[in-house]
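This report concerns only the one structure given below.
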Amino acid sequence: MNSAIRGLGETPTKAERNPNSNGDSNDDKGGPTTKRTDFITWNDYFMAVACLASQRSKDPNTQVGAVIVNEENKIVGTGYNGMPNGCSDDELPWGKDVDNYLESKYAYVVHAEMNAILNKNASSVKGCRLYTVLFPCNECAKLIIQAGINHVIYIHDKPNKPEMQAARIMFDKTNVKYTSAMKYSFICSIILATF
Ligand SMILES: Nc1ccn([C@H]2C[C@H](O)[C@@H](COP(=O)(O)O)O2)c(=O)n1
């Protein structure tokens, strides 16, 4: 397994956090002499950044954040769902009126994954992983595949929606791996409770 994704969803236990501590208050004298071990995993970190990014969204119903990470565990793009640049998010609709497409957000919103790809600060995102709060739709899946992203890690899913089913079909055909990380919903809820 790629070392970058080892520990997916694994939060260190207390014993793992401080294996050198015997609970003695002498531990405090002069401070610890060994490295801190209760650091969060890369996956915890990137999913937490995706959750944080989601809180920039103005969507009153669903806030999605996405982060693209390269093979060196460097963040090369972030995004959240929002209106296109130059389109005031005070003027365009945020409703879900499916009977009147032009009066619904669906006609206008740029998805978090698309924004993360478009916002990339590297020449390419080929071989990168994408962390997203919500499983990608078919349109974002097309972009993910074309951009060369090879692993999608997600928290929430709407598996009955045809858009998500089409995304899975395309991911399967193109060997884009997708990993459910529901465990992160806890981390996400802590982050979201802070705001
Ligand atoms: N993978 C996804 C799926 C959806 N979004 C955005 C698009 C909308 O702003 C919102 C979904 O709204 P809902 O139908 O739940 O009211 O989430 C995204 O960014 N990425």
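A short reminder: the numbers here are calculations on the coordinates, not readings from a lab. None of the values given here were measured: they were computed from a predicted structure. Heads up, the Cβs are rebuilt from the backbone with ideal geometry, glycines too, and the neighbour counts pull from every protein chain shown.
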- With point charges of +1 on the Cβ of Lys and Arg and -1 on the Cβ of Asp and Glu, referenced to the Cα centre of the chain, which listed residue (140, 175, 30) lies farthest in the positive direction of the dipole? 175
- Can you tell me the relative contact order of the chain? Whole percent, Cα pairs under 8 Å, sequence separation 6 or more. 18
- Message: On a 32 Å Cα-Cα criterion, which of the cross-link pairs 35/74; 96/183; 120/183; 74/96 come out too long?
- Response: 74/96
- Task: Taking the convex hull of the Cα atoms, report for the range 82-195 its projected area averaged over all directions, in nm².
- Result: 8.6
- residue 156 and residue 92 label points (each 7 Å along its Cα→Cβ direction) are spaced in nm at 2.0
- Compactness summary of the range 120-161: radius of gyration and Dmax from Cα atoms, Å, are 10.8, 35
- Item | For the chain, radius of gyration divided by Kirkwood radius, i.e. Rg to Rh on alpha-carbons | 1.06
- Message: Using a 4.7 Å cut-off between beta carbons, which cysteines in the chain end up with no partner cysteine at all?
- Response: 87, 128, 137, 140
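Size of the dipole of the chain about the Cα centre, Lys and Arg at +1 and Asp and Glu at -1 on the beta carbon, nothing else charged, in debye to 20?
Dipole of the chain, to the nearest 20 debye: 560 debye.
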- How far, in degrees from 0 to 90, does helix 138-147 lean away from the longest principal axis of the Cα atoms of the chain, to the nearest 10? 60
- Item | Hydrodynamic radius by Kirkwood, which averages 1/r over all alpha carbon pairs of the range 127-190, in angstrom | 11.7
- Task: Give the order of 190, 75 when sorted by the count of other beta carbons within 10 angstrom, beginning with the fewest.
- Result: 190, 75
- Please determine, in degrees from 0 to 90 and to the nearest 10, the orientation of helix 162-173 with respect to the longest principal axis defined by the Cα atoms of the chain, where the helix direction is its Cα long axis. 60
- Efficiency of FRET from Cβ geometry, residue 40 and residue 172, R₀ 41 Å, rounded to 0.05: 0.85
- Go ahead and run the numbers for FRET between residue 118 and residue 33, Cβ-Cβ distance against an R0 of 35 Å, rounding to 0.05. 0.15
